[in-house]
Amino acid sequence: MTTRVILCDDHALIRRGIRDTLSDAADIQVVGEAADYGELRALMRSLGNADDGKGGPCDVLVLDINLPGRSGLDVLHALKDEGTTVKVLIVSMYPEDQYAIRALRAGAHGYVNKGGDPQLLVQAVRTVAQGRKYVTPEIAQMLVENLNTPAAGQPHEKLSDRELQTLVMIASGKRLSDIATDLVLSPKTVSVYRARVLEKLQLANNSELTVYAIRNGLVGS
């Protein structure tokens, strides 16, 4: 049986690389691509309305977590609220310890780092298509530790998805205006997110925020 896949990533070159990797597998077919949530919704609607007798727009959605406008986590929440049967595999440039647990809690069936072995992506798609969760050994260890110490945790784990995204982008050296453009938000809204992050982490400025992010492995040093 062929697994039908939709790709959603705002970088065309990344989508092409993923498509080429998956197309090498005889049992996987990429049936559509989207660059953001709007395109994804239109694509899923058109494929879902197609009379192909296969019961849905696709079997697996390969979704980037860092999309313009609504992030991959936002999309996960939206799909979950809609009760969709599409299984979601998150692909991200961020390390597993930043977003994997959040993505799985939001309804993702798996999480793959873009910098990993391409064949792991193929394996992940097959695993997710079968209705099973795909986690790397690193994520499995994180899940075990999370179960063993549910009350413990870092302050940034209490941030909302958008607040964490803002924290990572500021610590990566992006200006608020650049973040606003990337996330399709107003600079004022991004400033509000920044203020919330500083308050929740009890930090005073961007320098302290950056140091915090580096110390906690949220960005590279």
Margin query: Binning at 5 angstrom from zero up to the longest distance, how are the C-alpha pair distances of segment 105-198 distributed in percent?
Written below: 2, 11, 16, 15, 15, 16, 15, 8, 1
Margin query: Please state the shape class of segment 1-73: rounded when a/c is under 1.5, otherwise prolate if a/b exceeds b/c and oblate if not, all from the C-alpha gyration tensor.
Written below: oblate
Next item on the list: Would you mind working out the magnitude of the charge dipole of segment 90-221 relative to its Cα centre, with +1 at each Lys and Arg C-beta and -1 at each Asp and Glu C-beta, to the nearest 20 Debye?
Entry: 320 debye
Checklist line | Total lysine pairs whose alpha carbons fall under 25 Å of each other in the chain (8 or more apart, or interchain) | finding: 17
Note to self: Among Y193, H109, I90, which residue has its Cα furthest toward the positive end of the charge dipole of the chain, with +1 on Lys/Arg Cβ and -1 on Asp/Glu Cβ?
What the structure shows: Y193
Check: So for the chain, what are the equivalent ellipsoid semi-axes in whole Å, largest first, each being the square root of 5 times an eigenvalue of the Cα gyration tensor?
Finding: 31, 20, 15
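How large, in percent, is the carbon and sulfur part of the accessible surface of the chain at a probe radius of 1.4 Å?
On the way: 5680 of 11270 Å².
After summing per-atom areas, the C and S share lands at 50 percent.
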Next item on the list: For the chain, find the longest principal axis of its Cα atoms and tell me its angle to the long axis of helix 206-215, 0 to 90°, nearest 10.
Entry: 60 degrees
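The values are calculated or read from the model by the stated rules, or taken from the named source; none is laboratory data. Note that the coordinates shown come from a computational prediction; the quantities given were computed from them, not determined experimentally. Glycine also receives a Cβ, built like all others from the backbone with ideal geometry; neighbour counts cover every protein chain displayed. Side chains are part of the model used for accessible areas, which takes the heavy atoms of the whole protein and leaves out ligands, DNA and RNA. Shrake-Rupley method; radii C 1.70, N 1.55, O 1.52, S 1.80 Å.
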